[in-house]
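Participant: Structure below; questions to follow.
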Amino acid sequence: MKLLSALIIASLLLSSCQKNQEKATENSALQNVESPAENNASLPYLIKGGDDLLYMSWVEKRDSGWIDLKYSVLKDDVWQEPEVIASGNDWFVNWADYPMMAVDKQGNMIAHFLAKSSSGTYSYDVNVVYKPVGGQWSEPVIPHKDGTPTEHGFVTMLPKNDGTFLLSWLDGRNTGGGDHDSGGHGGGGAMTIRTATLDMMGNLTQEAELDSRVCDCCQTGGAMTLNGPVIVYRDRSEEEMRDMSFVRFVGNDWTESKAVNSDGWKIAGCPVNGPRIAAYENTTATAWFTAAEGIAKVKVAFMDDSGESFQEPIIVDDFVSVGRVDIVMIDNQSAYVSWLDLEGETPLIKFRKVSSDGSLGKPVVVSETSASRGSGFPQMEVIDGTLYFAWTNVEEDKTSVSLSQFKF
């Protein structure tokens, strides 16, 4: 997978580094937290379970070449003993396409990882494992049944709280393999986004294609509102416009895709910078990165109860943003958004509050980090008035997971 992140970062530096940036404020409410992850850990993912507890999954590489996917849960401000979800030595471990987990109100769990499906470089499958309440982690289930040696990944997982989970993923069955620079994976068709529902016996239902042409390697995002799920993703037009789109499940079917906002970012390659979305009851907020007209921006847009369209976007950062966003909602008018920024040559994880009326809180620096691929995508989640952050530290050939929290 030949990615364009380094080129994008370089272009952003050239176009934006001379702008004056508001000094991000430090806050005494930001505190470091001891991580449950051990050495050689990376790719943390934070999620609020249906039980209102905080979960974190991550991967740990062993010297033998095997990889463990682990998780821990925070109870009474203490991270519990980590549990191994799955292990393998044929996994496709990617800085941008990281494993995730989800937990519903009953305590059912699912998680996913990517495993090679053939000797081809870009040939791997989504593998989903599940753990019913009181049970054990299952053997992997592959949610796509095409059987092609192509790319499948960038998964979103949402609990439906009826004992099933909604899955969506980027599906390369029409691409014919190859790399992203070919414009069609070796002369084949386009990347698609697909969905299915998984129950706690491994059964798959409600399989559907959501969009027949999407960006090849940007994360997807999803949120469950009181009216049902919303999926956001980076679309891809025939003219190589790569802006955000969304679909909803209404009645008994998925809607046609609609633009979140027409940024007009034309780029002949995947920026590897997908959207995130959060919901509070029936209100949603989505955050994304764009570099339309050569100006790097992080934007947030809110969608009210109607669910028909997103409001005009709010620019959260337009200095030297690298993107890699996350977002959480704290009420039906307010959200916190995090992103990766550059001050000079120093990469910083930042966050700020944003409201649907366009008002912005002052940006706060969480930590210095690395802009390299190895640092991955910083994570953010909210539990009971506290924001939690997780990210990968990169030091030479070593990685570790750091955590901090912010009480608001």
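Participant: Taking only the stretch 173-206 into account, find how many residues are at pLDDT 95 or above, within 19 Å of residue 122 (Cα to Cα) and in contact with a Phe, Trp or Tyr (Cβ under 8 Å, 6 or more places away or on another chain).
Facilitator: Residues meeting the conditions: 2.
Participant: Just wondering, is there one or more residues in the stretch 114-130 that are free of Cβ contacts under 8 Å to residues at least 60 places away in the same chain, polar (S, T, N, Q) and loosely packed, with under 15 Cβ neighbours inside 10 Å? Please lay out each step first, then the result.
Facilitator: First, pick out the residues of the stretch 114-130 that are free of Cβ contacts under 8 Å to residues at least 60 places away in the same chain: 114-120, 123-127, 129.
Within this subset, residues satisfying the condition of being polar (S, T, N, Q) are 117-119, 123, 127.
Those still in the list that are loosely packed, with under 15 Cβ neighbours inside 10 Å too: 118-119.
Yes, that holds for at least one residue.
Participant: Only one of (1) free of Cβ contacts under 8 Å to residues at least 40 places away in the same chain; (2) touching an Asp or Glu at 6+ places or on another chain (Cβ under 7 Å); (3) crowded, with 21+ Cβ neighbours inside 10 Å fails for residue 299. Which number is that?
Facilitator: Condition not satisfied by residue 299: (2).
Participant: Select from the stretch 138-148 the residues that are of a type in the set (Val, Ile, Thr), surrounded by 17 or more Cβ atoms within 10 Å (Cβ to Cβ) and free of Cβ contacts under 8 Å to residues at least 60 places away in the same chain and list them in ascending order. First the steps, then the outcome.
Facilitator: Taking the stretch 138-148 and keeping what is of a type in the set (Val, Ile, Thr), we get 141-142, 148.
Restricting the remaining residues to those that are surrounded by 17 or more Cβ atoms within 10 Å (Cβ to Cβ) gives 141, 148.
Passing the criteria: only 148.
Participant: Next up: Which of the numbered conditions does residue 319 fail, given that it passes all the others? Conditions: (1) surrounded by fewer than 22 Cβ atoms within 10 Å (Cβ to Cβ); (2) in a strand (DSSP E or B); (3) of a type in the set (Phe, Trp, Tyr).
Facilitator: That leaves (2) as the condition not met.
Participant: Do we have residue 252 as surrounded by fewer than 20 Cβ atoms within 10 Å (Cβ to Cβ), at pLDDT below 95 and over 21 Å from residue 320 (Cβ atoms) here?
Facilitator: It is true that residue 252 is surrounded by fewer than 20 Cβ atoms within 10 Å (Cβ to Cβ), at pLDDT below 95 and over 21 Å from residue 320 (Cβ atoms).
Participant: While we're on this one: Give me the residue from the stretch 65-80 that is farther than 27 Å from residue 152 by Cβ and touching a residue at least 40 places away in the same chain (Cβ under 8 Å) and, out of that set, surrounded by the fewest Cβ atoms within 10 Å (Cβ to Cβ).
Facilitator: Pass one, the stretch 65-80, residues farther than 27 Å from residue 152 by Cβ: 72-80.
Then keep just the ones that are touching a residue at least 40 places away in the same chain (Cβ under 8 Å); that gives 74, 79-80.
On the way: 74: 20, 79: 17, 80: 14.
Of everything passing the filter in the stretch 65-80, 80 is surrounded by the fewest Cβ atoms within 10 Å (Cβ to Cβ).
Participant: Would you mention how many residues in the stretch 265-282 are over 19 Å from residue 338 (Cβ atoms) and open to solvent by less than 40 Å² (accessible area, probe 1.4 Å)?
Facilitator: We begin by selecting, within the stretch 265-282, every residue over 19 Å from residue 338 (Cβ atoms); these are 265-270, 281-282.
From what is left, the residues that are open to solvent by less than 40 Å² (accessible area, probe 1.4 Å) are 265, 267, 269-270, 282.
Within the stretch 265-282, residues that are over 19 Å from residue 338 (Cβ atoms) and open to solvent by less than 40 Å² (accessible area, probe 1.4 Å) number 5.
Participant: Scan the stretch 36-60 residue by residue and report those that are open to solvent by 20 Å² or more (accessible area, probe 1.4 Å) and out of contact with any Phe, Trp or Tyr (no Cβ under 9 Å at 6 or more places or on another chain).
Facilitator: 38, 39, 40, 50, 51, 52, 53, listed by residue number.
Participant: What is the residue count in the stretch 364-379 for residues that are more than 16 Å from the chain's Cα centre (by Cα), assigned to a strand (DSSP E or B) and of a type outside the set (A, V, I, L, M)?
Facilitator: So the count comes out to 2.
Participant: Can you spot a residue in the stretch 331-348 that is outside any strand (DSSP E or B), in contact with a Ser or Thr (Cβ under 7 Å, 6 or more places away or on another chain) and under 22 Å from residue 263 (Cβ atoms)?
Facilitator: Taking every residue of the stretch 331-348 in turn, none turns out to be outside any strand (DSSP E or B), in contact with a Ser or Thr (Cβ under 7 Å, 6 or more places away or on another chain) and under 22 Å from residue 263 (Cβ atoms).
Participant: For the list (1) in a strand (DSSP E or B); (2) small (Gly, Ala, Ser); (3) surrounded by fewer than 17 Cβ atoms within 10 Å (Cβ to Cβ), I need the number of the one condition that residue 135 fails.
Facilitator: Condition (1) is where residue 135 drops out.
Participant: With the requirement that a residue be more than 13 Å from residue 164 (Cα to Cα) and charged (D, E, K, R), what does the stretch 193-213 give you?
Facilitator: Answer for the stretch 193-213, where residues must be more than 13 Å from residue 164 (Cα to Cα) and charged (D, E, K, R): 194, 207, 209, 211, 213.
Participant: What number of residues within the stretch 207-222 are assigned to a loop (DSSP other than H, G, I, E, B) and within 16 Å of the chain's Cα centre (by Cα)?
Facilitator: The number of residues fulfilling the criteria is 6.
Participant: Within the group 357, 318, 397, 384, which residue is at positive phi and over 18 Å from the mean Cα position of the chain (by Cα)?
Facilitator: 384
Okay, residues lined up against (1) assigned to a strand (DSSP E or B); (2) of a type in the set (Asp, Glu):
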residue: 358; (1), (2): no, no
residue: 362; (1), (2): no, no
residue: 381; (1), (2): yes, yes
residue: 389; (1), (2): yes, no
residue: 392; (1), (2): yes, no
residue: 402; (1), (2): yes, no
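Participant: Here is a follow-up. In the stretch 232-264, which residues are assigned to a loop (DSSP other than H, G, I, E, B), within 16 Å of residue 191 (Cβ to Cβ) and touching a residue at least 40 places away in the same chain (Cβ under 8 Å)?
Facilitator: Answer for the stretch 232-264, where residues must be assigned to a loop (DSSP other than H, G, I, E, B), within 16 Å of residue 191 (Cβ to Cβ) and touching a residue at least 40 places away in the same chain (Cβ under 8 Å): 236, 243, 257.
Participant: Could you check, for the stretch 230-240, whether at least one of its residues is β-branched (Val, Ile, Thr) and open to solvent by 10 Å² or more (accessible area, probe 1.4 Å)?
Facilitator: Going through the stretch 230-240, the residues β-branched (Val, Ile, Thr) turn out to be 230-232.
Of the ones still in play, those that are also open to solvent by 10 Å² or more (accessible area, probe 1.4 Å) are none.
Within the stretch 230-240, not a single residue is β-branched (Val, Ile, Thr) and open to solvent by 10 Å² or more (accessible area, probe 1.4 Å).
The values are calculated or read from the model by the stated rules, or taken from the named source; none is laboratory data. Bear in mind the structure is a predicted one, so any value in this text is a computation, not a measurement. Glycine gets a Cβ as well: all are built from the backbone with ideal geometry, and neighbour counts include every protein chain shown. Only protein heavy atoms, including side chains, enter the accessible area calculation; ligands, DNA and RNA are left aside. Shrake-Rupley method; radii C 1.70, N 1.55, O 1.52, S 1.80 Å.
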